[in-house]
Amino acid sequence: MEQVWESEDLCVLKGVPFRYRNSDYGSLRTTADQVVILKPRTFFEQYRQLPLSPVKRILEVGVFEGGSALLLADIFPDAKIVGIDIRPADPSVRWHIANMGYGDRIKLYSGVSQDDKAQVEAILEKEFGGEPIDLVIDDASHMYGFTTRCFDIVFPRLRVGGCYVIEDWGWANWPGYKAPDFFFEDRQPLATMILELAMATASNYGAIRELTVTFGMARLVKGGELPPLRRDGQRQRARSLDRIPATAATVGRGRFRAAAPSARRSCRRSP
Ligand SMILES: C[S@@+](CC[C@H](N)C(=O)[O-])C[C@H]1O[C@@H](n2cnc3c(N)ncnc32)[C@H](O)[C@@H]1O
């Protein structure tokens, strides 16, 4: 790993400064002289420490100005990183990718919504050739509908033991959420999805082996087997996940639909 963090806001990789920003997003651009990142240093440290080996295929959903894709390429030297974003990447992002020697390993796709099943599946097929993904990082819309639909498209392509991370899932509970100009103010909390994933962890036959929730990340590890014992005490034959018809999120939503409104209400801060 070559990246050096000189402070919490500044990382240097191959002589290029990477600047972390957590506000004023509209005016930030990667230029020939700098790369912009929207993830703090602690997130990259958490990615570096993931108990995942080998990491050969990463999907980043929400690329913004390309900073995190470049730093992930440094953290995971054997990985190909495919990034999708609904907006176009600045040409200087592609210039840095080529200039740092990552042209073969980072592939960015613009104009792709995270919930466009046909487009996302075509990209994954083209870049990964049907091979399972080791790590998915969803840092895109942070909206419930887009994020759950994306999960339903991508989760079946995650390898058993692979990680699916949803960043900044808890915005509805952040201080300032109630401000009338907060950009997600009238949206359904993304936290609802995390509660559903917790319920699906219990209900969907081991599809989710582990769900870890911290301030900035919800990280799940994909499981691959049914639990060893059935309710009648008989040993159950292990089955591969692809013979379970629905994904974890779908099962969570269907089975616990009645619980969702109260879960949503409990996500909101008290007035
Ligand atoms: C928080 S930024 C990503 C930051 C980047 N991962 C980083 O750490 O530097 C969110 C990005 O998601 C993109 N986005 C928003 N809605 C999206 C959608 N429905 N599908 C795909 N990308 C979306 C935005 O265009 C924006 O570039």
Segment Lys56-Asn22, extension gain: residue separation times 0.36 nm, minus the distance between their alpha carbons: 9.3 nm
Amide H contacts of Lys80 (H built 1.01 Å from N, under 5 Å, at least 5 apart or other chain): Arg57, Ile58
Computed lengthening from Glu45 to Ala98, 0.36 nm per intervening residue step minus Cα-Cα distance: 16.6 nm
Spin-label model distance (nm) - Lys117 vs Asp9, 7 Å beyond Cα toward Cβ: 4.5 nm
Three-way shape call for the range 1-103 based on the alpha-carbon gyration tensor, with the a/c threshold at 1.5: rounded
³J(HN,Hα), Karplus 6.51/-1.76/1.60, whole Hz, each residue of the range 148-162, x for Gly, Pro: 6, 5, 4, 4, 5, 6, 8, 3, x, 9, 7, 6, 4, x, x
Using θ = phi - 60° and Karplus 6.51 cos²θ - 1.76 cosθ + 1.60, couplings along the range 59-64 (whole Hz; Gly, Pro as x): 10, 9, 9, x, 9, 6
Candidate lysines - alpha carbon under 25 Å from Lys56, same-chain residues fewer than 8 apart omitted: Lys14, Lys39, Lys80, Lys107, Lys117, Lys126, Lys222
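Bear in mind these aren't lab numbers, they're just calculated from the coordinates by the rules spelled out. All values derive from a computational prediction rather than experimental measurement. Please note: Cβ atoms are built from the backbone with ideal geometry, for glycine as well, and neighbour counts cover all protein chains shown.
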